[in-house]
Amino acid sequence: MGVMSHRFSALHRVAAALLVVSLLTAACGAGDDEVSAGLTTTTTTTATAATTIDSVTATSTSIAVTTTTTTTTVRPPEPFETFVATIKSGYQILEPHVEPDGESDRLQLEFEIYNPTYFGNPLVLMVTDRTADGQWLKVQIPVRPNGTEGWIPAEHAVLSSHFVRAAVNLTDRVVKVWDGDDLIAETGAVIGTANRPTPVGLFFVNDLVEKWPSSAYGPYVLSLSGFSESLEEFAGGLPVIAIHGTNRPELIGGAHSNGCIRVPNDVVIFLAENVPMGTPVDIYA
């Protein structure tokens with residue numbers, strides 16, 4: 001009986017410890033949703049009673065058993081919210097997959113995408129979708145053809161979000177920028193010529209390059225994820241589309257560029273200071 005009695009005493013101690021853990025967990029907010037980086041983590045703690053029977057004395061003892069289940073799911077974006085993936089420094093070449101699965105094929109790209117970028121900035125990508133568990137991110141990739149997308153492991157990136165978005169109306173030759181519901185910038189712009197038109201589509205700001213005010217690009221260039229669809233190359237390189245300043249402000253409102261969007265220098269300075277990387281830019285006619 002001495003050994004059996006000791007056994008029941010130990011079980012009681014386990015039950016008491018489990019009950020204390022359950023109470024402490026509840027006190028710390030178990031069952032509440034914790035939202036971080038676009039993920040919702042729900043923790044559910046369930047306390048049940050288990051019964052043990054002493055085969056010698058035929059007496060029964062109940063002990064508390066606590067089961068904790070944690071489920072992580074992605075939360076949907078809020079109105080005007082864009083999720084952005086900043087690739088961690090340990091991943092120097094982007095290797096996107098066709099499907100959200102490490103066993104799926106790698107996406108075949110026209111050229112490799114490096115981190116940091118050519119201009120020395122962290123590689124930032126606009127997130128267009130996520131798996132339900134948040135383990136994979138679908139991102140737009142700045143390669144041709146325009147709008148190319150692929151899947152990357154979420155652990156390769158730091159996920160953030162913002163509410164800034166831009167639109168370029170090619171018919172009116174106007175650029176507008178919002179932060180949530182608030183219109184923060186509106187300006188006339190120069191767009192591409194009839195032979196070298198500005199491409200339409202949904203792109204994103206993927207790099208910021210500082211120039212000098214008197215340059216043909218003005219003081220800043222906000223590089224976009226899109227490319228000219230009428231040029232194979234430009235000035236010996238890829239024909240990347242960008243929003244930038246100008247040293248010919250008298251041309252604002254016309255169609256004079258090789259596909260880029262030129263805006264007044266004071267506007268591009270404002271954009272450089274207020275438009276984060278990953279900002280979606282909707283270009284439409």
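The values are calculated or read from the model by the stated rules, or taken from the named source; none is laboratory data. In this text, all values refer to a predicted model and were calculated from it rather than measured experimentally. Glycine gets a Cβ as well: all are built from the backbone with ideal geometry, and neighbour counts include every protein chain shown.
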Would you check if there is a residue in the range 165-188 being outside the structural domain of ASN258 (by TED's automatic domain parsing), within 25 Å of GLY259 (Cα to Cα) and among the β-branched types (Val, Ile, Thr)? no
What about ARG173, is it surrounded by 15 or more Cβ atoms within 10 Å (Cβ to Cβ), more than 23 Å from ALA272 (Cβ to Cβ) and among the basic types (Lys, Arg)? no
Residue selected from the range 268-285 under the condition of a type in the set (A, V, I, L, M, F, W, C) and under 24 Å from PRO122 (Cα atoms), by the criterion nearest to the chain's Cα centre (by Cα): MET277
Of the residues that make up the range 162-180, is at least one within 18 Å of ILE113 (Cα to Cα) and among the hydroxyl-bearing types (Ser, Thr, Tyr)? no
With (1) buried (at least 18 other Cβ atoms within 10 Å of the Cβ); (2) within 18 Å of GLY226 (Cα to Cα); (3) among the aliphatic types (A, V, I, L, M) as the list, and LEU109 as the residue in question, which single condition is left unmet? (1)
Looking only at the range 210-226, count every residue that is within 21 Å of ASN146 (Cα to Cα) and either surrounded by fewer than 23 Cβ atoms within 10 Å (Cβ to Cβ) or aliphatic (A, V, I, L, M) (or both) and tell me the total. 3
Matching entry among ALA166, ALA194 (being touching a strand residue (DSSP E or B) at 6+ places or on another chain (Cβ under 8 Å), small (Gly, Ala, Ser), crowded, with 17+ Cβ neighbours inside 10 Å and at pLDDT 95 or above): ALA166
Among the numbered criteria (1) surrounded by fewer than 22 Cβ atoms within 10 Å (Cβ to Cβ); (2) in contact with a Gly (Cβ under 8 Å, 6 or more places away or on another chain), which single criterion is violated by GLU233? (2)
